[in-house]
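Report on the structure given below.
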Amino acid sequence: MNKVISLKGLRFKSRRSIVSKPKRNVDVKPDVSTGNIYRIAVSFACIFSVLLGALFYSKMSSTELEQFFINTIQEIRIANIVNSFKYLCSLELIFIVTCFILGTNLFGNILISAVPVIKTFLAGFIGALMYNKYELNGVLFSLIFFVPYFSVTSSALIALTKEGFTMSRNLTHCILQRKTTKDGDLQLFLIRFLLIMLFDLLFALLNALLLSSFGAKISLQ
């Protein structure tokens, strides 16, 4: 009888402890979004590609390619705002259209991340060329006209590739899962893509205005 009572007491005590046991508050730290991780990873790849571009120029033996870039830079330096913008706009549209094509195609997300990396590789190549050919004047010219231009437009291009990467990945997932894409996703992609593209071209226009106004004042001989 005593055993039964003690067992009941134990049962009653265990129930009471379960009921009265306070709940623990677990603090869950917010995870970094996939978009932020993508932008950070591509940004580091772009920084590394600048160094590769400069290294490529130092090892390059093709004088024809070097002369092509020298002639183009000289033409942009002395051109009016319309012609300068044509050069810069043509360069931007090559990368922008490539991002759009890859972003709206199946498995385009595999290649789209290379687009801003190629552009920053070009920036490193041009920077090394300017220093090698024109020394301090080349460095000054690059710091005023090329460094801000490539920094801002490359950042905009990374944002474009992020949107294209997400869109292409969603398209691939929907096709493989035999699902239909949402019209809202496509519309949002187009709106964001258009806004970033307009910002990119606007900054190219501002840089063309700066080049046409002050580019010829720095001697590159």
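Things worth noting here:
- Area accessible to solvent at ARG192, 1.4 Å probe radius, in Å²: 100
- A straight chain from PHE214 to ASN83 at 0.36 nm per residue would run longer than the Cα-Cα distance by 45.7 nm.
- Taking N as its residue count, the alpha carbon Rg of segment 107-152 over 2.2 N^0.38 Å: 1.42
- FRET efficiency, LEU106 to LEU194 (Cβ-Cβ, R0 22 Å, nearest 0.05): 0.50
- Full extension of the segment from TYR38 to LEU65, taken as 0.36 nm per residue of separation minus the current Cα-Cα distance, would add 6.4 nm.
- Based on the convex hull around the alpha carbon atoms, segment 131-221 presents an average projected area of 7.5 nm².
- Stretch gain in nm, segment LEU143-THR172, where the contour uses 0.36 nm per residue and the Cα spacing is subtracted: 6.3 nm
- Scalar couplings 3J(HN,Hα) for segment 186-192, obtained by applying the Karplus form with A = 6.51, B = -1.76, C = 1.60 to θ = phi - 60°, are 5, 5, 5, 4, 5, 5, 5 Hz; x denotes Gly and Pro.
The values are calculated or read from the model by the stated rules, or taken from the named source; none is laboratory data. Small disclaimer: the values here were computed from a predicted structure and weren't measured. Virtual Cβ from ideal backbone geometry, glycine too; neighbours counted across all protein chains shown. Just so you know, the surface numbers come from the protein's heavy atoms only, side chains and all, with ligands and any DNA or RNA stripped out. Shrake-Rupley method; radii C 1.70, N 1.55, O 1.52, S 1.80 Å.
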